[in-house]
Structure formats: structure tokens, C-alpha cells
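Structure in C-alpha cells, see below.
The values are calculated or read from the model by the stated rules, or taken from the named source; none is laboratory data. Nothing here was measured: the structure is a model prediction, and the numbers come from that model. Reconstructed Cβ throughout: ideal geometry from the backbone, glycine too, with neighbour counts over all protein chains shown.
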């Protein structure tokens, strides 16, 4: 399996986490199905579905356990990249919903 698919497996698996956590806590959280997409809030059930789809896609791309250090590094790089992107994006969306100015990096 290519390192690119391992990277995207990490992206999908990392994206499954915040949606799943908010779903099991019964909290609304942005999804691509919200209005506006990715900014508005979706129900916990929608987040559970989105989390499940991300986890299934990431697992399918992963296929088997990463064997080599390059494969593990690719999965980790994807997960870390997505984690920082989600932190920035959802933090910005939450500030906008609250009417606060955006932070600059």
C-alpha cells in the first residue's frame, strides 16, 4: 500500500475522533452536512454517522497494520496533520458562532 494512502488513512482516523467524542457526549458539532457545511452544528446522531464513515474509510485504506517505519510514519503524519487542521478550523468556526474575532497564527 502506498504511503499516500497510509497518510489519508491517518487523516480519516483522526477526523473520526472529534465527531465520535461529541456524539457520545450528546453534543452538537460541525459536519459537512450542517448549514453552512463545516460551520453550522449537526446533531449527535449525524456526528456518530460521520465518525463511523471516517473510521471505516480510514480502516479500509489502512488495510493491514502498518509494518514498516515509513508506513507508520505516514499514518502518524496524516493523523497529526488532520489534528492541527481540525483544531484550527473548528476553533475558528466556534469563535465565529460566538461572534468573536478570529485568532491569527
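Take the residues in segment 16-27 that are free of Cβ contacts under 8 Å to residues at least 40 places away in the same chain and closer than 20 Å to residue 82 by Cα; name whichever of them is surrounded by the fewest Cβ atoms within 10 Å (Cβ to Cβ).
Residue satisfying both the conditions and the ranking: 21.
Where the second residue is at pLDDT below 80 and in a helix (DSSP H, G or I) and the first is over 8 Å from residue 10 (Cα atoms) and lies in segment 57-84, which pairs have Cβ atoms under 6 Å and are six or more apart or on separate chains?
Here the result reads 66/72; 66/75, each pair linking segment 57-84 to a residue that is at pLDDT below 80 and in a helix (DSSP H, G or I).
With respect to the numbered conditions (1) modelled with pLDDT under 90; (2) closer than 23 Å to residue 72 by Cα; (3) surrounded by 15 or more Cβ atoms within 10 Å (Cβ to Cβ), which one is the sole condition not fulfilled by residue 39?
(2)
Here's something else I'd like to know. Do you know which residues across segment 54-77 are in a helix (DSSP H, G or I) and loosely packed, with under 14 Cβ neighbours inside 10 Å?
Listed by number, the residues that qualify are 56, 59, 60, 69, 70.
A further question on this structure: Give just the number: which of (1) in contact (Cβ under 8 Å) with a residue 24 or more places away in the chain; (2) not in a helix (DSSP H, G or I) does residue 51 not satisfy?
Only one criterion is unmet by residue 51, namely (2).
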